[in-house]
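*Asks:* Next up is a structure, given as structure tokens.
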Amino acid sequence: MGEPVCRACRGQVGHLVLDLGEQPACDYFPRCDDPGPDPVYPLQMWLCSSCGLAQLVADPTVPEEPRGTEPAALVAQAADAVERAAAAGLLPDGGRVAEYGSPHGGSWLGLLTERGLRPVADGQPADVVVDCFGLMHCADQSAALAGRAARVAPGGTLLLQYHSLATIIGCGQWNALRHGHYAYYSTAALATMLAADGFSPRMAWRFDLYGGTVLLAAGRDADGGGGPGSAAGPVQALLGDEARVGVDDPAALEGLQRDAQAQAKGLHDWLVAERSAGRAVLGYGAASRAVALLRHAGVDGGLLPAVVDASPAKQGLRMPGTDIPVIPPGELAVRRPDTVLLFLADLLDEVRATYPGVEAAGGRWVNADALGS
Ligand SMILES: [Zn+2]
């Protein structure tokens, strides 16, 4: 494979900062009776030296997966984000809105129409163009952002929400890297991308979702007015904080490689210890990000007999690249695990409340992200 070409600026100089080796497509959940082997593909992150966009190198897979259930944390954050955008005066009553959705769900359209905005047909201009975790799923980043920017009506706002690269680095979230997710944004890289379309960040908000999520409001430079002036403080503060984390520093990103090794070893050692102690373990959350972790840690059904998932679409399937079946939540009451290994830390409060029987029976929830860190 030759040197990557940047998905945003077309630059060809950069650094390979994370290499997770050959991984199955995390969207490809085979049936339990499919013996495999499942096809695998390289999974690598590259940092463009020109524009600073961290990105997936190559992706021969289809970026689609069985749609999971919408976590309550995502729903609550959407309401919070819409509230803040409204308070900033960015959601004009009667204004037109266009949404670019994520294949994982989490639409804001219902919340926005409740506030009096009117959805427009595909391709029509809108006063508010919203992208909530959608842009990252586009292979051609410059074309995708240009398309969104072009639909912003004069005086309108582009709202972009993304899981921050600073969070990925700061929290060691190496398994944010996955097929189908083409870009991992720092605010600085996104500002550079926006500049190519004549837009600038005007306002930014931070949320705890996924350890650190940013909502950026951008406006067209030609509109003048709200340019990098009055409301630029939060944007500048965010840029400063992210720079200190090292979002444009290959060495900071390369720390993710060590994080991946440590977590994989931590998980494997922990599962071996649980088995030695005679404790029954189940996983929870057949998420795409659990796939790379299980593979990287060399975990099979002998160490982790099954992963519970609430999505009916995943029943009867197994975790890609492993022999670990996905089972429905009802099995928690049947198997009465001593430990449930949670692959989605954000869901902890939700699963404890939804399945009180686990702890009532003496079981406990353990955050997979915390093992080996
Ligand atoms: Zn670039």
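The values are calculated or read from the model by the stated rules, or taken from the named source; none is laboratory data. Only a predicted model underlies this, so the values are computations on that prediction, with no experimental measurement involved. Cβ placement follows ideal geometry from the backbone for every residue including glycine, while neighbour counts extend to all protein chains displayed. Note: accessible area is taken over every heavy atom of the protein model, side chains too, but ligands, DNA and RNA are not part of it. Shrake-Rupley method; radii C 1.70, N 1.55, O 1.52, S 1.80 Å.
*Asks:* What accessible surface, in Å², does a 1.4 Å probe find on His163, ignoring ligands, DNA and RNA and rounding to the nearest 10?
*Replies:* Surface accessible to solvent at His163 totals approximately 40 Å².
*Asks:* Where the centroid of each part is defined by its Cα atoms, how far is the stretch 252-269 from the stretch 304-351 in Å?
*Replies:* Taking the Cα centre of each part, the stretch 252-269 and the stretch 304-351 sit 23 Å apart.
*Asks:* From zero outward in steps of 10 Å, how is the percent of C-alpha pairs of the chain spread across the bins?
*Replies:* Pair shares across the bins are 5, 23, 31, 24, 13, 3, 0.
*Asks:* Grab the eigenvalues of the alpha-carbon gyration tensor for the stretch 176-304, scale each by 5, take roots, and send me the semi-axes largest first in whole angstrom.
*Replies:* 41, 14, 13
*Asks:* Using a Förster distance of 41 angstrom, determine the FRET efficiency expected from the C-beta separation of Ala72 and Asp323, and round it to 0.05. It would help to have the intermediate numbers written out before the result.
*Replies:* Numbers: r = 31 Å, r/R0 = 0.76.
After rounding, the FRET efficiency stands at 0.85.
*Asks:* Moving on to the next point. How many percent of the accessible area of the chain is carbon or sulfur, using a 1.4 Å probe?
*Replies:* Of all accessible area on the chain, carbon and sulfur atoms account for 54 percent.
*Asks:* Another one. Which three extents, in whole angstrom, do the alpha-carbon atoms of the stretch 247-286 cover along their principal axes, largest first?
*Replies:* 45, 21, 8
*Asks:* In addition: Find how much the distance from Asp241 to Ala121 grows on full extension, using 0.36 nm per residue of separation minus their present alpha carbon separation; answer in nm with one decimal.
*Replies:* Full extension of this stretch gives 39.4 nm more.
*Asks:* Right, something else. Quote to one decimal, in nm, the extra length available between Ala146 and Ala273 on full extension: 0.36 nm per residue of separation minus the C-alpha distance between them.
*Replies:* That pair, Ala146 and Ala273, stretches by 40.6 nm at full extension.
*Asks:* If you don't mind, another one. Quick check on the chain: helices-only [θ] at 222 nm, where DSSP H runs of length 4 and up contribute -39,500 (n - 2.57) each and the sum goes over total residues. Nearest 500, please.
*Replies:* One gets -9000 deg cm²/dmol as the mean residue ellipticity at 222 nm.
*Asks:* In Å², what does the accessible area per residue of the chain work out to with a 1.4 Å probe?
*Replies:* With all protein chains present, the chain gives 40 Å² per residue.
*Asks:* Taking the Cβ-Cβ separation of Val40 and Asp93 as r and a Förster radius of 35 Å, what is the calculated FRET efficiency to the nearest 0.05?
*Replies:* Working: r = 51 Å, r/R0 = 1.46.
Here the calculated transfer efficiency is 0.10.
*Asks:* Measuring from label point to label point, each 7 Å out along Cα→Cβ, what is the Ala333 to Ala139 span in nm?
*Replies:* 4.6
*Asks:* Would you rank Val366, Val40 by solvent-accessible area, highest first, keeping every protein chain in place and using a 1.4 Å probe? The partial results should precede the final answer.
*Replies:* Working: Val366 20, Val40 55 Å².
Listed by decreasing accessible area, they come as Val40, Val366.
*Asks:* Another question, if that's okay. Which of Gln55, Gln23, Gln12 moves the most in a Gaussian network model of the chain with Cα springs under 10 Å?
*Replies:* Gln12
*Asks:* Pick from Ser142, Ser276, Ser49: which residue has the top mean-square fluctuation in a GNM of the chain where Cα pairs under 10 Å get a spring?
*Replies:* Ser276
*Asks:* At a threshold of 8 angstrom on Cα-Cα distance, excluding pairs fewer than six apart, so keeping six or more, what relative contact order does the chain reach in percent?
*Replies:* This gives 17 percent for the chain.
*Asks:* Take the alpha-carbon centre of the stretch 91-158, take the same for the stretch 46-60, and report the distance between them in whole Å.
*Replies:* Comparing the Cα centres of the stretch 91-158 and the stretch 46-60, I get a distance of 25 Å.
*Asks:* Which one, Gly172, Gly363, Gly219, has the greatest fluctuation when you compute a Gaussian network model over the chain with C-alpha springs under 10 angstrom?
*Replies:* Judging by the Gaussian network model, the answer is Gly363.
*Asks:* Let me know the Rg and Dmax you get for the stretch 3-52 when you use only its Cα atoms, in Å.
*Replies:* In Å, with Rg to one decimal and Dmax whole: 15.3, 47.
*Asks:* Continuing with the same structure: Can you tell me the 0 to 90 degree angle between the C-alpha axis of helix 250-276 and the longest principal axis of the chain, rounded to 10?
*Replies:* 30
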